[in-house]
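**Student:** Here it is: the structure, laid out below.
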Amino acid sequence: MGWVIDIIGAALFAAGLAQGVSALADGVAIGWLAPLLLLAGGLVRAAGLMLAHVQAIRSAQRIVAARRSALLPRLLGGRLARPLLAGENATLAIDHLAAIEAHGARFLPIRKAAALGPLLVAVIVATASWVSAAIMLATLIPFAFGMVLAGTAARAAAERQLAALAELSGLFVDRLRALPLIRHHGAQARISRQVAGAAQEVAARTGAVLRVAFLSGAVLEFFAALSVALVAVYCGFALLGLLPFPAPEALDLRAALFALALAPEFYLPMRRLAAAYHDKQMGEAADKAIAAALPEAEVAPHPASPPFDGLHLRDLRIGIGSGIGPVSLTLKAHDLIALTGPTGSGKTSMLAAIAGQIDPASGERTPVDPARIAWAAQRPLLLPGSLADNIALARPDADRAEIAQVAARVGLTPMLAARPEGLDLPIDHQGAGLSGGERRRIGLARAILSERPVLLCDEPTADLDAESAADIIALLVALSAERAILVATHDHRLTAAARMEVML
Amino acid sequence: MNPIRIALDKATGSATLLRRATLCAVVAALAGIALLALAGWFLTAAAMAGAAGTVAVQAFNYLVPSAAIRLLAILRTVSRYGERLWSHRAALEAMGGLRASLFARLAAQDSRTALPLSSGDAAARLTGDIDALEDLVVRRPSRIAGFMAALAGVMLAASGSWLSALLLAVMLAALPLLLRILARRLTEAPTQQAADALGALRARYVELASARAEIAAYGLGDRVMAELAPLTSRLDQARARLFIGEGVQAALLAAYSALAVMLVLLGAHAPAPLVALALLASAGAVEAMAGLSRTAFRQASVDAGLARLAALDALPLDDAPAPSAATAQAIRLGAVELPPGARVAVTGRSGSGKSLLAEGLAGLRPVTADVALGGHPLPACSGTELRDQFALSPQDAPMLAGSIADNLRLARPGIDAADMADALHVACLDQRIASLPGGIDYRLGEAGGTLSGGERKRLSLARALLTGRPWLLLDEPTEGLDAATEALLISRLRIWLDRTGTGLILISHRPAPLTLTDRQVPVSAIAPQPGQGLPGVASAA
């Protein structure tokens, strides 16, 4: 709607200009109509542009809000196609949605205006000079032809350019991250030369690419300028009566100036669209990246699955390429198995795959209803609320006696005794005032309270002092008499207490 | 110093390209104004001649203006193309030079005190800053062209009357000031709000994403969304205000242009063709200055980034001496003296600071432990001295994105295929790599993604062996290996140590690698104050 008002404003302005000049040419006073039309045209344009912006951002944010409320629960608590680092996950949820917002606000509304705007301008010009309108429309034919010729090559070139720049920027970021490694090996000069060389190479290589990439812009510019020139030359010759063919219409100065002043508006919407091309590319790339992180369809819920009687994995692998794994193991109904491997080898991701949160790349896994799997994290989730609320996150209907019982079982008693609020201790999202060990115990209490037959524990003893670690190990051994426990760990004391060790 | 100037200085030729782009931009802007102004004059003059009769028509020279109109149309197209091409090439070259120069400066810093960039966030922010600067370079020619077009517009408006020219000159002169004030009022607060909201949202989101497994296991997606909702709505509001601010600016320019043209018309005292010329030139002049407003609007969001870049550019750039075959130095760990070639295991429970000690010896972080190299306490040793003594294979085994050979060649200059094969053999990785497509030229993805954790670990070990330094620092070298491979690796490593006389400082929870060492030092015996751990140990383990 805003862009229609913008064009109407442009028409008022053009009318004012034509009115003023033709009054002067007729030798009469300018009067009040011309200045008023000029000013009114400017104000109407201003209103149109404001409205267009407000509508554009509103609709873009509506789209993003809908995307967000569907996407974030999946990224934070749904199944994923591959393991994501927390930072990567945030990039998808925050930065890529921002790119989609920019696409929705800067590209989509202009695309509609670019399709209909020129036609509206032609209709308005036709009221003064239908030949001028026809000239403008006629330039669209070679323009479209030129865009097809230049546009295909230019789009391919622009994409090559974007890919080359992305590669360069990827190399730069990778080498920045590896700076401590590079310094340690005394390779500063060599890697600096490599970074400089890659940048120079991209600059040299893309010089030729740019020449093609900007061709479609040049075609657009050319026809925008040409349509103005043709309208000017036609009107001039018509006013002189020197047209080499019979005059198709009676043209006066006012109509001619009106057509001329509106001529630049004909290609303006398309020039605005070209300027928003980058937002389109970024928005589409963001769409693809989000789609790649999510599996195609959510799995159907497991209706009335049989009681849990063990979990079998055969050659389970996750991730891209050789990725993480393979892992084969059999977890019995009452069991304790340790999954070991060096830091960064993907133990947590493998546990998540076993819990059905990440799609395996290959291998087999007995399907288990996710509602039967409890998770005790290395750094458990804390939400603002009381300690009791946080323990009962997995089972909000648990009564206070049960909560107190599990709290005691995981060894939170000394902490509860030391704080007057007890189970009502207020907790903020950072868990301020809680030690790492206390946090870990809250996570375990939550997992036990959920009464699920399978417990996956991520590094339950990392960073704990020897005494606390021994307590936790004893607790896990005791729990393994009543449920199936799989721990990811690189603590040899815990590995020793497990029935078996599986290496990643 | 102006950041654009800094960037242009980094690449010879980029300033020339930018000058060419600027020239083109000026020609394009002037041709654009002249095209409309001349066309307006032509139409009006033609209409008056047409009305005056055949004699006047025959006296009217229509060939020159109509040819000039077509010429201007072509000139505008060609020069606009040249502007885009050269300004983008100038920006590419300048940014390439800037990246290389910043990288060299950052690389020249001491890891113990340097800006930490390994998180990825800081690296991404740096590339974002460079992109913002690139955008400024690309837009610079159109800004200069805007001023030139304004000047030309005023001169052409003078054909209406001196009063018209004066009114236009005053309005054009006031425009940058007005835009700056408007930009400050419209963007400063929302830019800050958007940055704050984004920071808060990202921090909380990353926390939640780290707790993904629990959220998924217990179906807490809705609870978590409710917590994020106020943060996202704050961000949305700030972004909407910024976007609508752009609308206000566009609206202001449209109204301003109309007002300028109206004033020029009211002030004009000239024949109609010249007034038409003055009016269309005035409209074009205001429009040509629109580029300024975009820059003014982005200023608030790029200022901080440009200041960061300028600060990095001011970092000292002293070339670290190339690695030299330094004579082996003795080490003291607490009270334990280790002559060159000694083999020792540092022991202690998880999280007691063993890995931090290894990284400290390697010069990657400051160390507070009671350690000396060649008789000098560690903090007194330069990064270069540490680097020349120690080769670290760290616990997380970082890799460069590139081929396996690239990663091995990082160790030192002049490594040949035989050296690499030898090191890979000791690390028990030769057969695995031979099985990869391309063998040693097989490309690793980001962070070594295509190798398993254990394989990366051994590749990192092979790289450490290739450095040829007097001391090897190995952090859990066999974690994740099966017993047979572990035994093979240890026996090969023992032979390699015997052959080269390299000293070994080993960290391992597993018993087998400890057989390589002839003594053990508990990490607690190296702590600066007995009985207390190193600061920050718990969080970094």
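The values are calculated or read from the model by the stated rules, or taken from the named source; none is laboratory data. The model shown is predicted, which means the values in this text are computed figures rather than measured ones. Here the Cβ positions follow ideal geometry from the backbone for every residue, glycine too, while neighbour counts run over all protein chains shown. The protein model used for the area step is the full one, side chains on, heavy atoms only, and it has no ligands, DNA or RNA in it. Shrake-Rupley method; radii C 1.70, N 1.55, O 1.52, S 1.80 Å.
**Student:** Whether any residue in segment B:224-234 is more than 33 Å from the chain's Cα centre (by Cα), open to solvent by less than 50 Å² (accessible area, probe 1.4 Å) and more than 30 Å from residue A:452 (Cβ to Cβ) is what I want to check.
**Tutor:** Looking for residues that are more than 33 Å from the chain's Cα centre (by Cα), open to solvent by less than 50 Å² (accessible area, probe 1.4 Å) and more than 30 Å from residue A:452 (Cβ to Cβ), one finds none in segment B:224-234, hence no.
**Student:** Taking segment A:435-472 as the region of interest, how many residues are more than 10 Å from chain B (Cβ to nearest Cβ), open to solvent by 30 Å² or more (accessible area, probe 1.4 Å) and not charged (D, E, K, R)?
**Tutor:** Final tally of qualifying residues: 2.
**Student:** In segment A:68-90, what count of residues is obtained for those that are surrounded by fewer than 18 Cβ atoms within 10 Å (Cβ to Cβ) and in a helix (DSSP H, G or I)?
**Tutor:** The number of residues fulfilling the criteria is 5.
**Student:** Please determine whether any residue of segment B:344-361 is within 14 Å of chain A (Cβ to nearest Cβ), under 21 Å from residue B:107 (Cβ atoms), hydrophobic (A, V, I, L, M, F, W, C) and not in a helix (DSSP H, G or I).
**Tutor:** Checked against the condition, which is being within 14 Å of chain A (Cβ to nearest Cβ), under 21 Å from residue B:107 (Cβ atoms), hydrophobic (A, V, I, L, M, F, W, C) and not in a helix (DSSP H, G or I), segment B:344-361 yields no hits at all.
**Student:** Within the group B:105, B:212, B:202, which residue is within 10 Å of chain A (Cβ to nearest Cβ), charged (D, E, K, R) and touching a residue at least 40 places away in the same chain (Cβ under 8 Å)?
**Tutor:** Of the residues listed, the single one that is within 10 Å of chain A (Cβ to nearest Cβ), charged (D, E, K, R) and touching a residue at least 40 places away in the same chain (Cβ under 8 Å) is B:105.
**Student:** Of all residues in segment B:12-32, count the ones that are open to solvent by 10 Å² or more (accessible area, probe 1.4 Å) and either farther than 30 Å from residue B:100 by Cα or facing chain A (nearest Cβ under 8 Å) (or both).
**Tutor:** Looking only at that region, the number is 5.
**Student:** Residue pairs, Cβ under 9 Å, 6 or more apart or interchain, first in segment B:61-84 and touching a residue at least 60 places away in the same chain (Cβ under 8 Å), second among the hydroxyl-bearing types (Ser, Thr, Tyr) and open to solvent by 30 Å² or more (accessible area, probe 1.4 Å). List them.
**Tutor:** Taking only residues 6 or more apart or on different chains, the pairs are B:83/B:142.
**Student:** In addition: With the condition kept exactly as written, say whether any residue in segment A:341-358 is at pLDDT 85 or above and over 27 Å from residue B:203 (Cα atoms).
**Tutor:** The answer is yes; a qualifying residue exists.
**Student:** Would it be correct to say that residue A:31 is crowded, with 24+ Cβ neighbours inside 10 Å and either at the interface with chain B (Cβ under 9 Å from one of its Cβ atoms) or at pLDDT below 95 (or both)?
**Tutor:** No; evaluated as a whole, the condition is false for this residue.
**Student:** Pairs needed: first member in segment B:218-241, more than 9 Å from every other protein chain (Cβ to nearest Cβ); second member anywhere, of a type in the set (A, V, I, L, M, F, W, C); C-beta distance under 7 Å; at least 6 residues apart or different chains.
**Tutor:** B:231/B:197; B:231/B:200; B:231/B:201; B:234/B:197; B:238/B:194; B:238/B:197
**Student:** Would you mind finding the one in B:258, B:283, B:268, B:240 that is buried (at least 24 other Cβ atoms within 10 Å of the Cβ) and either modelled with pLDDT of 95 or more or among the aromatic types (Phe, Trp, Tyr) (or both)?
**Tutor:** B:258
**Student:** Among the polar types (S, T, N, Q) and open to solvent by less than 10 Å² (accessible area, probe 1.4 Å): does that describe residue A:495?
**Tutor:** Against the criterion (among the polar types (S, T, N, Q) and open to solvent by less than 10 Å² (accessible area, probe 1.4 Å)), residue A:495 does not qualify.
**Student:** Something else: Name every residue in segment B:179-216 that is over 25 Å from the mean Cα position of the chain (by Cα), buried (at least 17 other Cβ atoms within 10 Å of the Cβ) and over 29 Å from residue A:447 (Cβ atoms), in order of residue number.
**Tutor:** Those that are over 25 Å from the mean Cα position of the chain (by Cα), buried (at least 17 other Cβ atoms within 10 Å of the Cβ) and over 29 Å from residue A:447 (Cβ atoms): B:179, B:182, B:183, B:186.
**Student:** Can you tell me which of (1) within 12 Å of chain B (Cβ to nearest Cβ); (2) open to solvent by less than 20 Å² (accessible area, probe 1.4 Å); (3) closer than 20 Å to residue B:40 by Cα is the one residue A:206 doesn't meet?
**Tutor:** All conditions are met except number (3).
**Student:** Oh, and also: Filter segment B:337-367 for residues that are among the hydrophobic types (A, V, I, L, M, F, W, C) and either open to solvent by less than 30 Å² (accessible area, probe 1.4 Å) or under 12 Å from residue B:506 (Cα atoms) (or both) and give the result.
**Tutor:** Within segment B:337-367, B:338, B:342, B:344, B:345, B:346, B:356, B:357, B:358, B:361, B:362, B:367 qualify.
**Student:** Out of the residues in segment B:368-409 meeting the condition of being more than 13 Å from chain A (Cβ to nearest Cβ) and either farther than 22 Å from residue B:328 by Cα or in contact (Cβ under 8 Å) with a residue 60 or more places away in the chain (or both), tell me which one is surrounded by the most Cβ atoms within 10 Å (Cβ to Cβ).
**Tutor:** Selected residue: B:404.
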